[in-house]
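Novice: The structure's right below; bear with me while I get my questions together.
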There are 4 protein chains.
Amino acid sequence: MRTILVTGFESFGKDSVNPTVKMVEELPDEYAGYSIRKLILPVSFERAPEEAMDALRGLKPSAVVSFGLAGGRKGITVERIAVNCKDARMADNDGAEPEDEPVRADGPAAYFSTLPIKKIVAALEEERLEASVSNSAGTFVCNCLMYSLLDSIAAEGRPVPCGFVHVPYLDSMGHPEAPSMDEESVRRAGETVIRTVAQYLSER
Amino acid sequence: MRTILVTGFESFGKDSVNPTVKMVEELPDEYAGYSIRKLILPVSFERAPEEAMDALRGLKPSAVVSFGLAGGRKGITVERIAVNCKDARMADNDGAEPEDEPVRADGPAAYFSTLPIKKIVAALEEERLEASVSNSAGTFVCNCLMYSLLDSIAAEGRPVPCGFVHVPYLDSMGHPEAPSMDEESVRRAGETVIRTVAQYLSER
Amino acid sequence: MRTILVTGFESFGKDSVNPTVKMVEELPDEYAGYSIRKLILPVSFERAPEEAMDALRGLKPSAVVSFGLAGGRKGITVERIAVNCKDARMADNDGAEPEDEPVRADGPAAYFSTLPIKKIVAALEEERLEASVSNSAGTFVCNCLMYSLLDSIAAEGRPVPCGFVHVPYLDSMGHPEAPSMDEESVRRAGETVIRTVAQYLSER
Amino acid sequence: MRTILVTGFESFGKDSVNPTVKMVEELPDEYAGYSIRKLILPVSFERAPEEAMDALRGLKPSAVVSFGLAGGRKGITVERIAVNCKDARMADNDGAEPEDEPVRADGPAAYFSTLPIKKIVAALEEERLEASVSNSAGTFVCNCLMYSLLDSIAAEGRPVPCGFVHVPYLDSMGHPEAPSMDEESVRRAGETVIRTVAQYLSER
């Protein structure tokens, strides 16, 4: 059976909840003929790409969709590009705090998402979920994971659609001055992204 | 000895740290002839105003300065006005989640800060700290406290300068996609606000 | 026939287009038994309130809805409150640039919108238009108009629902780094607001 | 005499002023042993890179610094990276409105700025000007110019530091709801950037 690999992130810093954990875990195990394989990654510049690339090699999925939290943003943001840069204002969960380092020393400056990002935004809006394309996944672990996966897939030469989607704070996370979204909307956003990717795969 | 009452907030929601706790606690105990009295309040629509108003009555301070966290904002924001509205997207630390309720049922729609807000912003910028006037303290506990204190002081008839200052996330709080400030800058911001208020009092 | 007074704003500063002009002008002349009376106001602290209050006295409308441009904001923002403050970073179209002045010298600190703001946001979202409640209409001419109208209506004693709605830049206005909305969505937003207000009036 | 090429942009869309015109024109003609050559470019996906690359070939400058307007942003933003993507929500001044097209069909996904971006931010903050690194120059003409110049320089093989700096609205541009900066601060920002680049060149 063909597989879609979906990743979320463990909690980080002082936020004891990362909304992508529950969102990823509540996705169906099978969708439109695809097995949905779920992986929750540590917020670690080193271990997140390692564990994801292990799964990539083991599962040989038809597509990879990673989710992460972008506290402070409004709505769901579908990332366009990952850049070859690790630049942290704070330590990751292993205490690493790289400053202006490359993700891969001799890697290209960036990789574009190979997911259908505009279709995903349109599908989210169709579901009355606020969504937009983002031109930067930052320079922290989320971008590092996205770059590493796209770099691995490029090296492999197999055309596996792969990309990253950021979700905002949940209402329940206690950030009253920042934009947030209710849990049910985040759950529906996850489903909508996976549905759109599955359709895209079946139309290729 | 004359007194300035300074309040901060306990942590809230999933953030196990509120930067105003340390910032308030590290303020000097005496400054320019004023005793600095420090109070850390619960993030509770009911108890925060109660405890602050108790201190107001007990200490009869010359000024009241409250600090709170506004995660997602950039720089220090000095609030201009508090509104007679409690409208929460999330429960406070007591589980209360009021929707479109007044802070005081028959109270006026709003109170302006009686601190020298433009002077405070100028003093922060002089210290190379990013700062601006904010026209909304939101509709959560921060605004509720600010309204309640200004309402109490208005009822009392004693002209006690009183207002609210929001600080952003600390770098160390783990919100890589949101603006944040380092701890030392937040500490200096607190000192600068109190110094400006003390000068203002002495010039009146 | 009963009347709803709807106001927009002329262009201001360097933007030679204000999206509220076309949006207001394209509203139907009659809706659900209400005559829709349209007024385009100058971006002037003095003349905007004067002209609007003249219309208020002449037309004796059942409701007043004002629209203005809030460049830089994302989506439609329905204002909750107007404050008794004029504080301009730039001159209005008459060259006036008040700093920390009251709208009315002995007026209350603020007035809450008397439109059904949450219903309006829900109706906009139902139409798949991005919308939220805003807690600040700023301290420029938009807020000044909103305050003045609510103050007039309060003085008159007639319970006329009145409030303010901000629209974002149009895509065509040429602000590629700022959020914007297409013209057709802004047109539909205007209609949706008026439809919601008309329903609200008929249910009272 | 060695040369630094500095570019600004003509006005665009409805904004009849682009703050980078005056800022660039008011730069000194000579600074620290460098001739400062100034070029104001059209907001055109086609002509801006063409004219800039002509100047690059003709002048053989030691460094290239481009400035553009990013209305809606707060403070000066120094761009980290340019991406191989033209994706416009609005037509440029020639009526072109590319959607998801590459800047150069077979070009790499992105180029990093080769200016000392962190040094520039530090120098601006030293001058009490709000500044930060930006991870996205967008997908409009500014990014297209930055990509094209870095791509040309890479092809040429001469190590010419090159990058892009965005400035916010001027206060006088009439966007009361968006962040803005006064003209004198923008002028000082331009000088500070050029001074930092000249120092960087002389230390290499």
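Read-outs: derived from the displayed coordinates by stated rules, not from any lab. Values in this document were obtained by computation on a predicted structure and should not be read as measured data. Positions of Cβ are generated from backbone atoms using ideal geometry, with glycine treated the same way; all protein chains shown enter the neighbour counts.
Novice: Show me the three semi-axes of the equivalent ellipsoid for the protein assembly as shown, from the C-alpha gyration tensor (sqrt of 5 times each eigenvalue), largest first, rounded to whole Å.
Specialist: Values for the protein assembly as shown, descending: 41, 31, 31 Å.
Novice: Got the B:A154 label distances to the other copies yet, label 7 Å along Cα→Cβ, in nm, shortest first?
Specialist: 1.0, 6.1, 6.1
Novice: For segment B:1-91, give the magnitude of the charge dipole about the Cα centre (Cβ charges: +1 Lys/Arg, -1 Asp/Glu; no others), in debye to the nearest 20. Mind dumping the intermediate values first?
Specialist: On the way: 13 positive and 12 negative charges, 58 e Å.
That gives segment B:1-91 a dipole magnitude of about 280 debye.
Novice: In whole Å, what is the distance between the alpha-carbon centres of segment A:55-92 and segment D:137-204?
Specialist: After rounding, the separation between the Cα centres reads 28 Å.
Novice: Compute the relative contact order of chain C as a whole-number percentage, counting only Cα pairs closer than 8 Å that sit 6 or more residues apart in sequence. Don't skip to the end; give the middle numbers.
Specialist: On the way: 409 pairs, mean separation 57.6, N = 204.
The normalised contact order for chain C reaches 28 percent.
Novice: Further, regarding this structure: Placing unit charges on C-beta atoms (Lys and Arg positive, Asp and Glu negative, everything else neutral), compute the dipole magnitude of segment B:2-203 about its Cα centre in debye, rounded to 20. All intermediate terms of the calculation are to be shown ahead of the outcome.
Specialist: On the way: 21 positive and 32 negative charges, 128 e Å.
Using only the charged Cβ atoms, the result is roughly 620 debye.
Novice: How big is the dipole moment of the protein assembly as shown about its Cα centre under a simple scheme where the beta carbon of each Lys and Arg is +1, that of each Asp and Glu is -1, and everything else is neutral? Debye, nearest 20, please.
Specialist: 0
Novice: Same structure again: Near the amide H of C:A131, under 5 Å away, which other amide H atoms are found, from residues 5 or more places off or on another chain, if H is placed in the peptide plane?
Specialist: C:I76
Novice: Provide an ascending nm list, one decimal, of label-point separations from D:T3 to the equivalent residue in each further copy; define each label point as 7 Å from Cα along Cα→Cβ.
Specialist: Spacings between copies for this position, smallest first, are 5.8, 6.6, 7.1 nm.
Novice: Considering the options C:A178, C:G163, C:A137, tell which one lies farthest towards the positive end of the dipole of segment C:113-204, charges being +1 on Lys and Arg and -1 on Asp and Glu at the Cβ, about the Cα centre.
Specialist: So the residue furthest toward the plus end is C:G163.
Novice: Provide the per-residue ³J(HN,Hα) series for segment A:75-84, in order, calculated from phi with Karplus coefficients 6.51, -1.76, 1.60 and θ = phi - 60°, each as a whole number of Hz, with x at glycine and proline positions.
Specialist: With coefficients 6.51, -1.76 and 1.60, one gets x, 7, 10, 9, 7, 8, 8, 10, 10, 7 Hz.
Novice: Where the label is 7 Å out from Cα toward Cβ, how close does A:P102 come to the same position in every other copy, in nm, shortest first?
Specialist: Computed spacing set for this position: 2.0, 6.5, 6.5 nm.
Novice: Which stretch or stretches of segment B:151-171 have amide N atoms under 15 Å from the point lying 7 Å from B:R204's Cα along the Cα→Cβ direction?
Specialist: Label zone hits: B:151-164.
Novice: Oh, and also: Check A:I36: other-chain or 5+ apart residues with amide H under 5 Å from its amide H, H built from backbone geometry?
Specialist: The list, which skips near neighbours in sequence, is A:I4, A:E30, A:Y31.
Novice: Just to verify a number: FRET efficiency for B:Y31 and B:A155, C-beta to C-beta distance, R0 = 30 Å, to 0.05?
Specialist: Numbers: r = 28 Å, r/R0 = 0.93.
Result of the calculation: an efficiency of 0.60.
Novice: Rounded, prolate or oblate: which one fits segment C:1-130, using the alpha carbon gyration tensor with axes a ≥ b ≥ c (rounded when a/c is under 1.5, else prolate when a/b beats b/c, else oblate)?
Specialist: Working: a/c = 1.43, a/b = 1.32, b/c = 1.09.
Verdict is rounded for segment C:1-130.
Novice: Of the peptides D:116-124, C:105-113, how do they stack up when ordered by the mean number of other Cβ atoms within 10 Å, highest first? Provide the component values of the computation, followed by the final result.
Specialist: Numbers: D:116-124: 19.6, C:105-113: 17.1.
Highest-to-lowest ranking by the protection proxy: D:116-124, C:105-113.
Novice: In addition: What helices does chain A hold that run 15 Å or longer along their axis, going by alpha-carbon atoms, with a Kyte-Doolittle average of 0.5 or more, using DSSP H for the helix calls? Could the numbers behind the result be given before it?
Specialist: Values: long enough: A:47-59 (18 Å, -0.51); A:141-156 (22 Å, 1.07); A:183-203 (30 Å, -0.53).
What comes out of the filter, once short or polar helices are dropped, is A:141-156.
Novice: Also, I was wondering about something else. In terms of the Cα gyration tensor, with a ≥ b ≥ c the square roots of its eigenvalues, is segment D:134-204 rounded because a/c is under 1.5, prolate because a/b exceeds b/c, or oblate? Working shown, then result.
Specialist: Working: a/c = 3.73, a/b = 1.52, b/c = 2.45.
Judged from the Cα gyration tensor, segment D:134-204 comes out oblate (a/c at least 1.5, b/c at or above a/b).
Novice: Determine the alpha carbon to alpha carbon distance for each of B:K60/B:K118; A:K86/D:K118; B:K38/B:K60; B:K118/C:K86; B:K118/D:K22; B:K74/D:K74 and list only those over 19 Å. Show your work: numbers first, answer last.
Specialist: Values: B:K60/B:K118 25 Å; A:K86/D:K118 14 Å; B:K38/B:K60 14 Å; B:K118/C:K86 14 Å; B:K118/D:K22 29 Å; B:K74/D:K74 9 Å.
Violating the 19 Å Cα-Cα cut-off are B:K60/B:K118; B:K118/D:K22.
Novice: Grab the other residues whose beta carbon is less than 11 angstrom from that of A:R195, score K and R as +1, D and E as -1, and report the net. Before the final figure, lay out the partial values.
Specialist: On the way: positive: A:K119, A:R188; negative: A:E126, A:E127, A:E191.
Once positives and negatives cancel, what remains is -1.
Novice: Let me have the 222 nm mean residue ellipticity of the protein assembly as shown computed from DSSP H runs of 4+ only, each contributing -39500 (n - 2.57), with the sum over all residues rounded to the nearest 500.
Specialist: Details: 20 runs with 268 residues, N = 816.
Computed mean residue ellipticity for the protein assembly as shown: -10500 deg cm²/dmol.
Novice: Please list, in order along segment A:28-34, the HN-Hα scalar couplings obtained from phi with the Karplus expression 6.51 cos²θ - 1.76 cosθ + 1.60 (θ = phi - 60°), rounded to whole Hz, x for Gly and Pro.
Specialist: For segment A:28-34, the Karplus curve yields x, 7, 9, 8, 6, x, 10 Hz.
Novice: Further question on the same structure: What residue in chain A has the Cβ closest to the axis turning A into B, and how close is it in whole Å?
Specialist: Minimum Cβ distance to the axis, with residue: A:G72, 2.
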